[in-house]
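The values are calculated or read from the model by the stated rules, or taken from the named source; none is laboratory data. Note that this is a predicted model, so its numbers are computed, not measured. All Cβ positions, glycine included, derive from the backbone under ideal geometry; neighbour counts span all protein chains shown. Calculation scope for accessible area: heavy atoms of the full protein, side chains included, ligands and nucleic acids excluded. Shrake-Rupley method; radii C 1.70, N 1.55, O 1.52, S 1.80 Å.
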Amino acid sequence: SSRAYCVQVGYVQGMGFVTAILLMYMSEEEAFWTLTALLKGSSLHPPLEGMYQAGMPLLQQCLFQFHELLKQEQPKLGGHLEQEGVVPSMYCTHWFNTIFAYSLPFEQLLRVWDVFLLEGMKVVFRVGVALVLSAQEQLLGAPFERLVEGLNGRKFSLLARHPDALMKAALRIPVSRRLELLQLQYQQQVAAAQEAAAAARGSSGGGSTPEEARYPVVPVAMGPS
């Protein structure tokens with residue numbers, strides 16, 4: 001398995017969906033090496049292995065970036081979701097760790113993957129924001145339960161249209177520079193939290209295990225910027 005080449009990667013259920021898409025169009029060997037290349041990264045693709053490592057550090061970063069990106073793109077909707085206590089981990093974890101293989105109808109999924117293989121994870125952010133924005137009239141003013149139900153369904157208005165409509169809407173959303181800035185902001189928050197935790201352990205005489213130090217799961221503040 002790819003784990004032999006990416007020793008820090010554990011099995012996460014979402015990885016099976018990614019592998020299934022590859023196996024639909026490739027031999028087992030080609031799918032293996034393609035998955036390994038995606039996990040290790042290249043000049044075009046940042047490595048995805050952090051999506052499937054202990055603590056899922058890349059997923060934590062992506063959820064933070066998505067939360068902030070949605071607020072930037074549509075402050076009113078982002079503020080309403082925040083006020084109701086709805087955070088991205090409640091509805092879009094599988095968007096990132098399956099590259100939408102769990103969530104989208106097949107025709108839309110293939111178009112997303114065409115762009116994903118070309119430009120990487122940026123398209124997941126673009127498509128995710130486009131989907132949420134397409135439902136904003138239904139989401140604005142909705143209570144917590146209806147928000148979670150709506151965001152976890154497949155009733156986004158964009159999905160009822162021709163598959164090309166989703167990509168046209170998504171690719172109009174600029175994300176590259178904003179994702180870079182949000183990544184830096186997230187890393188600064190993580191570093192600050194780690195320093196605070198280290199100081200607290202030092203003052204109490206406690207310590208962390210090597211695994212905890214290597215794969216910290218750090219709560220990230222997602223309140224108003």
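Tabulated values for the structure
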read-out	value
Residue in the range 175-184 that is modelled with pLDDT of 95 or more and outside any helix (DSSP H, G or I) present	yes
Count of residues meeting criterion [within 15 Å of Met121 (Cα to Cα), open to solvent by 50 Å² or more (accessible area, probe 1.4 Å) and not in a helix (DSSP H, G or I)] in the range 9-42	1
Cross-chain or 6+ apart pairs with Cβ under 8 Å, the range 144-173 first and in a helix (DSSP H, G or I), then open to solvent by 20 Å² or more (accessible area, probe 1.4 Å) and among the basic types (Lys, Arg)	Pro163/Arg111; Asp164/Arg111; Leu166/Arg111; Met167/Arg111; Ala170/Arg126; Leu171/Arg126
Per-region count, the range 59-88, residues of a type in the set (Gly, Ala, Ser) and surrounded by 18 or more Cβ atoms within 10 Å (Cβ to Cβ)	1
Selection count where residues are under 13 Å from Lys155 (Cβ atoms) and open to solvent by less than 10 Å² (accessible area, probe 1.4 Å), scope the range 105-134	2
Neighbours by Cβ (under 8 Å, 6+ apart or cross-chain): first from the range 11-38, aromatic (Phe, Trp, Tyr); second open to solvent by 50 Å² or more (accessible area, probe 1.4 Å)	Tyr11/Arg3; Phe17/Tyr102; Phe32/Ser1
Top-ranked residue of the range 190-225 - restricted to ones that are among the polar types (S, T, N, Q) and open to solvent by 60 Å² or more (accessible area, probe 1.4 Å), ranked as modelled with the highest pLDDT	Gln194
Within the range 89-104, considering residues that are open to solvent by 10 Å² or more (accessible area, probe 1.4 Å) and hydroxyl-bearing (Ser, Thr, Tyr), the one nearest to Lys40 (Cα to Cα)	Thr93
